[in-house]
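Down below is the structure, laid out as structure tokens.
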Amino acid sequence: MAEVRPITPDDEADWRRLWAQYLAFYETDLDPAITDHTWARVCDPASAIRALVVTDNGVMAGFAMLVRHQGTWTRSPICYLEDFCVDETVRGNGLGRALLDGCLALARAEGWSRFYWHTNADNHRARALYDSYVAADDNVKYRITLIE
């Protein structure tokens, strides 16, 4: 049975396991200090980063990393879904949908005006889930890395 809940400090080992899987999926290597810093911000109530997890029979099966920020076209906060991961061994069992539904429930409960995310164009499995919520728009992303 799937349960969506806020992440807790007790989730660190499971989060790190899934975080490593997530980075491998995107063929990305991060300095371990960045991962440590990310985890510290996830656990800091003053941080703009929030995280939800989905569990399957009590075992963490996925996470969503949410970044709340202000916008210039709205009075209420906006939420960017920066990272979204479901354990590859349990994909296709509705856990991603449960996690995304949990994110949207949190966004509505906290009065956020918008909720947005992006993914790679060839991430067909994730896009099948995302397309069931909303059609992709025609925005093009530009990124200049200044400091990591």
Exercise. With region 32-133 as the region, which helices (runs of 4 or more DSSP H) entirely inside it contain at least 2 residues that are touching a Lys or Arg at 6+ places or on another chain (Cβ under 9 Å), free of Cβ contacts under 8 Å to residues at least 40 places away in the same chain and farther than 21 Å from Glu12 by Cα?
Worked result: 124-131
Problem set entry | Complete set of residues in region 53-77 that are among the β-branched types (Val, Ile, Thr) and buried (at least 18 other Cβ atoms within 10 Å of the Cβ) | Val53, Val54, Thr55
Problem set entry | Any hit, region 102-110, residues being over 17 Å from the mean Cα position of the chain (by Cα), at pLDDT 90 or above, under 23 Å from Ala48 (Cα atoms) and aliphatic (A, V, I, L, M) | yes
Exercise. Hey, does region 21-29 have a residue that's in a strand (DSSP E or B) and of a type in the set (A, V, I, L, M)?
Worked result: no
For this session: Identify all residues within region 93-148 that are touching a helix residue (DSSP H, G or I) at 6+ places or on another chain (Cβ under 8 Å), over 20 Å from Ile78 (Cα atoms) and surrounded by 11 or more Cβ atoms within 10 Å (Cβ to Cβ); write none if there are none.
Result: Gly96, Arg97, Ala126, Leu129
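Quick one: would you say Arg41 is under 13 Å from the mean Cα position of the chain (by Cα) and among the charged types (D, E, K, R)?
no
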For this session: With respect to Asp138, determine if the residue is over 19 Å from Tyr22 (Cβ atoms), out of contact with any Lys or Arg (no Cβ under 9 Å at 6 or more places or on another chain) and not in a loop (DSSP other than H, G, I, E, B).
Result: no
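The values are calculated or read from the model by the stated rules, or taken from the named source; none is laboratory data. No experiment lies behind these values; they were computed from the predicted model shown. Glycine gets a Cβ as well: all are built from the backbone with ideal geometry, and neighbour counts include every protein chain shown.
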